[in-house]
Amino acid sequence: QVQLVESGGGLVQAGGSLRLSCAASGRTFSRNAMGWFRQAPGKEREFVAAINWSGASTGYADSVKGRFTISRDNAKNTVYLQMNSLKPEDTAVYYCAIRYLNIANVDYEYDYWGQGTQVTVSS
């Protein structure tokens, strides 16, 4: 079993920044990829960013490219999402997820999920 715990969400004004963290514990895969997804009220969950084990491979949704950066610290089993130049449309619950080996940009490819952290961007 794998446990994922997100933190770092909150309320921020448009143009501001937040950094989300996701700490993994339990039987994490020896070579895993981790991703961030988000779900706004009344909308489907959507891909935000993903990173492979080494950090050499990353992927981003077009809507966040150039504003968000995903990174990880394997010594801490933690993945981060640095979010800059936030917009009201970034308001959502943000979830982290984990899967074996390669990054993926669809939620059904991921095996375990965190509970989510709320990000609210005011205009």
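Side notes on the structure shown:
- The set of residues from the stretch 35-45 being in a loop (DSSP other than H, G, I, E, B) and basic (Lys, Arg) comprises Lys43, Arg45.
- Within the stretch 108-119, the residues that satisfy the criterion of being open to solvent by less than 50 Å² (accessible area, probe 1.4 Å) and either over 17 Å from Phe47 (Cβ atoms) or of a type outside the set (Val, Ile, Thr) (or both) are Tyr110, Gly114, Gly116.
- Tabulated pairs, the stretch 90-101, first open to solvent by 10 Å² or more (accessible area, probe 1.4 Å) and in a strand (DSSP E or B), second of a type in the set (Lys, Arg) and at pLDDT below 95, C-beta under 9 angstrom, 6+ apart or interchain: Tyr100/Arg31
One line per residue, one yes/no per condition, for (1) in a strand (DSSP E or B); (2) under 14 Å from the mean Cα position of the chain (by Cα); (3) surrounded by fewer than 18 Cβ atoms within 10 Å (Cβ to Cβ); (4) at pLDDT below 95:
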| position | (1), (2), (3), (4) |
| --- | --- |
| Val5 | yes, yes, yes, no |
| Leu11 | yes, no, yes, no |
| Gly16 | no, no, yes, no |
| Ala23 | yes, yes, yes, no |
| Phe29 | no, no, yes, yes |
| Ala33 | yes, yes, no, no |
| Trp53 | no, no, no, yes |
| Tyr80 | yes, yes, no, no |
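- Taken over the stretch 49-86, the criterion of being in contact (Cβ under 8 Å) with a residue 40 or more places away in the chain and either touching a Cys at 6+ places or on another chain (Cβ under 6 Å) or polar (S, T, N, Q) (or both) is satisfied by Asn52, Ser57, Thr58, Asn77, Thr78, Val79, Gln82, Asn84, Ser85.
- Considering (1) open to solvent by 50 Å² or more (accessible area, probe 1.4 Å); (2) modelled with pLDDT of 95 or more; (3) in a loop (DSSP other than H, G, I, E, B); (4) in contact with a strand residue (DSSP E or B) (Cβ under 6 Å, 6 or more places away or on another chain), the lone condition that Leu86 does not fulfil carries the number (1).
- Checking every residue in the stretch 61-74 against the condition of being under 17 Å from Gly9 (Cβ atoms), of a type in the set (S, T, N, Q) and assigned to a loop (DSSP other than H, G, I, E, B) gives zero matches.
- Residues that are in contact with a strand residue (DSSP E or B) (Cβ under 7 Å, 6 or more places away or on another chain) and small (Gly, Ala, Ser) within the stretch 89-123 comprise Ala92, Ala97, Ala104, Gly114, Gly116, Ser122, listed in sequence order.
The values are calculated or read from the model by the stated rules, or taken from the named source; none is laboratory data. Note that this is a predicted model, so its numbers are computed, not measured. Positions of Cβ are generated from backbone atoms using ideal geometry, with glycine treated the same way; all protein chains shown enter the neighbour counts. All accessible areas refer to the heavy atoms of the entire protein, side chains included, with ligands and DNA or RNA removed. Shrake-Rupley method; radii C 1.70, N 1.55, O 1.52, S 1.80 Å.
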